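What follows is a short report on a single structure.
Each reported figure results from applying straightforward, stated rules to the coordinates on display, with no laboratory input. The structure presented is a predicted model; accordingly, all values stated were derived computationally and were not measured. All Cβ positions, glycine included, derive from the backbone under ideal geometry; neighbour counts span all protein chains shown.
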Amino acid sequence: MLGSTLFVVDENGRLVGSLGLPDIRILHDEEELAVPVEDVCNKFPSILTTEQNPYYDGRNIFLERHGITVLPIINSDGVLVDLFFRYQAFFSDAINSPCGEPKALSVMPYKHYAYSLLSCAKEALALGYDRFSAIEFGVAGGNGLAWLERYAREVERYVGVGIDTYGFDCGEGLAESNDYRDIPYIFCAGDFKMDQEKLQRRLDSSRLVIGDILETLPGFCPVSRVGVVLCDVDYYSSAIPVLEFFADDDTKFMPRVYLYFDDLPTRTVSFSPVGSEFQGESLAIKEFNAKSAQLKISPEATNVSDKLKVAIDGVHANGMKVLHRFSHPDYCKTLVSHRHHGFLNSSLFS
Ligand SMILES: C[S@@+](CC[C@H](N)C(=O)[O-])C[C@H]1O[C@@H](n2cnc3c(N)ncnc32)[C@H](O)[C@@H]1O
């Protein structure tokens with residue numbers, strides 16, 4: 001799942017070759033499937049050795065060869081000892097280069113999640129918080145939550161700030177809706193039903209909270225301050241309780257919470273925008289901002305694009321916002337006191 005690549009080893013654990021998913025898909029009849037894997041695998045995959053620095057040498061391979069998402073690391077006997085993933089190179093890039101786009105980013109899944117975690121970790125470090133919580137609302141099969149968890153481990157390793165990850169979902173998929181604000185002509189009742197057992201096997205440390213967020217969210221106490229919220233519940237009526245949660249006490253939150261909204265009208269389905277600024281998450285955000293002078297989600301505008309074929313990266317960037325909690329006791333604390341620290345001064349969120 002991480003790299004769509006299988007590595008083939010012999011009985012002594014020595015690397016023999018690699019097999020990509022496309023290589024497996026072209027083997028369709030029984031005769032082809034009966035061929036030993038050794039005969040069909042790529043015998044000369046790109047590799048790293050334990051002598052090399054994966055964050056330097058591996059990163060350079062990823063930059064040159066865009067299709068590769070994972071590299072095997074072998075020791076001097078040719079034994080496969082570890083794997084190095086493209087996303088790991090991204091985090092080292094993001095943290096070690098004080099400014100600019102981490103170059104290994106290009107084909108990384110859920111990169112908006114990675115950005116949100118890094119941006120928040122940067123603030124947590126500057127404010128002296130030793131950990132924060134990141135929550136995905138709307139988990140379904142768990143692709144987003146699994147990546148969130150993986151990325152959280154990398155950010156923890158590099159930045160030294162702990163991250164608690166949560167996933168909220170009713171488990172039943174989308175409920176029936178006839179409310180035009182839920183954009184029911186695009187989102188269908190029953191879609192995204194969760195296989196909870198299967199999902200649990202994919203997760204390591206995340207806590208799953210199962211049930212309608214209308215019921216599970218009020219009174220919810222995260223183990224650390226919430227610093228990242230990824231909202232992917234599709235409906236307006238489901239986004240409302242997420243935003244209402246933000247009215248809880250400041251002690252539950254960081255002064256700025258990094259947000260991502262997946263279903264703004266800048267997204268398209270068959271070239272039609274997902275709703276309008278009068279529906280869905282856009283409307284929920286507008287109503288939220290109108291209600292309180294002290295809590296604001298910015299930027300509010302959905303930036304509806306006239307180019308419906310907007311690049312997927314642009315769409316994700318449009319969904320990234322920040323909740324400002326102006327009355328939070330730490331809101332005005334300076335973030336630039338660690339000037340010597342390149343990572344803190346880099347501009348990841350722009
Ligand atoms: C688009 S899917 C999430 C996809 C997931 N984030 C991913 O990246 O693979 C939307 C999910 O939101 C959940 N959902 C919608 N409204 C909800 C509510 N009121 N309470 C709990 N879960 C809800 C649905 O069950 C569905 O699984």
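Here the spin labels are modelled as points 7 Å beyond Cα on the Cα-Cβ line, and at Gln200 and Leu63 they lie 4.5 nm apart.
Viscosity 0.692 mPa s, temperature 37 °C: what is the translational diffusion coefficient of segment 119-209 from Stokes-Einstein with a Kirkwood Rh over Cα pairs, rounded to a whole number of µm²/s? Let's see the in-between values first.
Values: Rh = 14.7 Å.
Approximately 224 µm²/s, per Stokes-Einstein.
Over the chain, DSSP H runs of length four or greater, each weighted -39,500 (n - 2.57), average out per residue to a 222 nm ellipticity of -8500 deg cm²/dmol. For segment 218-302, the gyration tensor built on C-alpha atoms gives a prolate shape. Its axis ratio a/c (a ≥ b ≥ c) is at least 1.5, and a/b is the larger of a/b and b/c. When you filter the trypsin sites (Lys or Arg not before Pro) in segment 1-66 for DSSP loop state and at most 12 other Cβ atoms inside 10 Å of their Cβ, you are left with Lys43, Arg65. Compared with the dominant principal axis of the Cα atoms in the chain, helix 111-127 is inclined by about 70°. With semi-axes defined as the square roots of five times the eigenvalues of the C-alpha gyration tensor, the equivalent ellipsoid of segment 1-157 measures 33, 19, 13 Å, largest first. Take the Cα pairs of the chain, get the Kirkwood Rh, then feed it into Stokes-Einstein at 4 °C and 1.567 mPa s and tell me D in µm²/s. Once the numbers are plugged in, D ends up at 59 µm²/s. Computed on the chain, with alpha-carbon pairs under 8 angstrom and 6+ residues apart, the relative contact order is 15 percent. Could you give me D for segment 131-282, from Stokes-Einstein at 4 °C and 1.567 mPa s, where the hydrodynamic radius is the Kirkwood radius over C-alpha pairs? Units µm² s⁻¹, please. My calculation gives 81 µm²/s for D.
Of the peptides 72-78, 198-204, 133-139, 277-283, the order by per-residue mean of other Cβ atoms within 10 Å, starting with the highest, comes out as 133-139, 277-283, 72-78, 198-204. The three principal axes of the Cα atoms in segment 237-280 give end-to-end lengths of 43, 19, 13 Å, sorted in falling order.
Run the numbers on segment 137-211 and let me know its relative contact order in percent, using alpha-carbon pairs under 8 Å that are six or more apart.
42
Between Ile26, Ile297, Ile47, which gets the highest mean-square fluctuation from a Gaussian network model of the chain, Cα cutoff 10 Å? Greatest mean-square fluctuation among the candidates belongs to Ile26.
Among Leu48, Leu33, Leu264, the largest mean-square fluctuation in a Gaussian network model of the chain, built with springs joining Cα atoms closer than 10 Å, belongs to Leu33. Pairs from the list Lys122/Lys321; Lys122/Lys333; Lys111/Lys321; Lys252/Lys286; Lys296/Lys321; Lys252/Lys296 with a Cα-Cα gap above 18 Å: Lys252/Lys286.
Taken over the C-alpha atoms, segment 5-90 has Rg and Dmax values of 13.9, 43 angstrom. At full extension, Ala175 and Ala290 could sit 38.6 nm farther apart than now, given 0.36 nm per residue minus the alpha carbon distance.
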